[in-house]
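The values are calculated or read from the model by the stated rules, or taken from the named source; none is laboratory data. Everything numeric here is computed off the predicted structure, so don't read it as measured data. Don't worry about glycine lacking a Cβ; one is built from the backbone with ideal geometry, like all the others, and counts go over all protein chains shown.
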Amino acid sequence: MVFIDACFRKKTPYTPIWMMRQAGRYLPEYMQVRNKAGDFLTLCKNPQMAAEVTLQPVEILDVDAAILFSDILVIPLEMGMELRFEKGEGPVFNRPVQNWKDLDSLYEFPEERLGYVYETIKIVREKLPKDKALIGFSGAPWTLATYMVEGRGSKTYATIKKLIYTQPDFMHALMIKITEAIKAYLIKQIEAGVNAVQIFDSWASALEKEKFFEFSWEYLVDIAEFIKERYPGIPVILFPKGIAGYLDDIYGTFDVFGVDWGTPIDLAKAKLGSRYVLQGNMEPTRLYSKEATKEGVEKIIATMGAKPGHIFNLGHGMLPDLPVENAKYLVELVHDLSRR
Ligand code: CP3
C-alpha cells in the first residue's frame with residue numbers, strides 16, 4: 001500500500017493523499033445514505049451504512065486511504081454520556097463531567113460497547129481494494145476531555161482550563177481514564193483490520209506550552225508508544241492542531257506528524273522532518289478555487305515532494321459545501337505533480 005509505505009518513509013511512485021473529513025456532507029452520495037439513516041449517530045452505529053460512506057471517497061476521489069466513518073465522540077457516548085448533535089451548533093452532552101462524582105459515574109470500558117465500529121472496519125476491509133489503506137482513529141485525550149467537561153464545542157475552554165489550574169489532580173484522573181479507554185479502543189480497531197491509526201488533537205492550541213505538554217502531549221505519546229510496542233507494523237499518526245510554536249519540544253515514538261494549515265510546512269520540515277514523516281497541510285478553504293488549489297499543491301510538493309517522507313492532506317477537515325469536482329482535481333494534481 002502506497003500510503004503505508006509512505007508512513008514508513010519508503011520510496012513510493014507518487015505522494016499518497018487522503019483528506020480529513022473526506023466522507024461527509026459535500027458528497028451527495030453521503031447525504032443520501034445519511035438521510036436514509038435518519039441522523040448522524042444512527043449512521044455511525046449502522047455498520048453496513050457506515051462502511052458504505054467510508055468507501056465513497058475512495059471510489060469517487062481515488063484517494064489512497066479510507067478513514068473509518070465514525071466520530072471521536074463515540075468514546076464518551078459509550079462511557080455513558082448522553083450525546084446529541086444540534087443543527088448549527090454541533091455536539092452537545094447534556095450532563096458534562098466536572099467533578100469526581102461525575103468522573104466516577106463514567107463506564108470504564110467503552111471499547112466493549114463499540115462493537116459496531118469493529119464491525120464497520122471488517123466490512124470496509126473486505127470491500128476496500130488491496131492497495132488502499134484503511135485508517136482507524138480516535139480523538140486525543142485532551143480534545144475528548146474538552147467536549148466532556150465543557151459539554152459542547154467551546155471558544156474559550158473556560159471551564160476545563162479553570163480545572164487545569166485549580167484542580168490538576170482531578171484533570172489528570174480524567175485524562176488517565178480517557179487515555180486507557182483510547183488504548184483499548186485503538187487496539188481493537190487494529191485487531192478488526194485497520195492498517196494505520198490517527199489521533200486527532202483538534203483543540204491542542206487551547207493550552208499554553210507547559211500545560212500542553214503536561215495535559216495533552218504526554219498522554220498522546222503514552223498511547224502512541226503503547227500501540228507501537230504491540231503493533232510496530234501499524235503506523236501511528238498524531239495530529240495536534242495549532243501548535244506551530246511548540247514544535248521544538250515535540251518528542252516520542254510515533255511515525256507521522258500531522259501538520260495543520262497554520263503551521264508553515266517548511267517550518268515543520270526543518271524542525272521535525274528528519275524524525276517524523278509529515279502529513280499535510282493545504283488550507284482546506286483553497287479547495288473552493290482551482291487556482292488556489294493548484295498554487296497550494298505546487299508549493300507543498302516543491303517543499304516536500306522530492307524525497308520520501310510526505311503524505312498529502314489538508315491542514316484540517318473538508319468543509320461541508322466544497323465542490324466535489326475540486327476535490328477530485330486535488331487528488332489528480334497531487335498524484336501527477338509528485339510522480340517520479
Ligand atoms: O474524516 C472522515 O471522513 C471520517 C469521519 C470523521 C468524522 N468526524 C465524521 C463526522 C472523523 C475522523 C471525525 C473526527 C472529529 N469529530 C473531530 C476531529 C477532527 C476535526 O475536525 O478536528 C472532531 C473535533 C469531531 C467532533 C464533531 N463531530 C463535531 C465538532 C461535529 C459537528 C461539526 C459539523 O460539521 O456539524 C461532528 C459531526 C460529524 N462528524 C460530521 C461528520 C461527517 C457531520 C455530521 C453530519 O451532519 O452528517
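Results, tabulated for the structure shown:
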| quantity | calculated |
| --- | --- |
| Qualifying residue in segment 82-103 (condition: within 19 Å of the chain's Cα centre (by Cα), surrounded by 13 or more Cβ atoms within 10 Å (Cβ to Cβ) and farther than 21 Å from Gly151 by Cα) | no |
| Complete set of residues in segment 150-169 that are in a loop (DSSP other than H, G, I, E, B) and either of a type in the set (Lys, Arg) or farther than 20 Å from Pro76 by Cα (or both) | Lys155, Thr156, Gln167 |
| Hey, Ala206 closer than 25 Å to Leu272 by Cβ, over 16 Å from the mean Cα position of the chain (by Cα) and modelled with pLDDT of 95 or more or not | yes |
| Segment 140-199 - residue that is among the aromatic types (Phe, Trp, Tyr), in contact with a helix residue (DSSP H, G or I) (Cβ under 6 Å, 6 or more places away or on another chain) and buried (at least 24 other Cβ atoms within 10 Å of the Cβ) and, of those, farthest from Leu68 (Cα to Cα) | Trp142 |
| All strands (runs of 3 or more DSSP E) inside segment 218-321 with 3 or more residues being under 17 Å from the mean Cα position of the chain (by Cα) and free of Cβ contacts under 8 Å to residues at least 40 places away in the same chain | 277-282 |
| From Asp39, Asp62, residue being at pLDDT below 95 and acidic (Asp, Glu) | Asp39 |
| Selection within segment 2-37 - hydrophobic (A, V, I, L, M, F, W, C) and touching a helix residue (DSSP H, G or I) at 6+ places or on another chain (Cβ under 9 Å) | Ile17, Trp18, Met19, Met20, Ala23, Leu27, Val33, Ala37 |
| Hits in segment 19-42 - residues which are more than 6 Å from the ligand (Cβ to nearest atom) and not in a helix (DSSP H, G or I) | Met19, Tyr26, Leu27, Gly38, Asp39 |
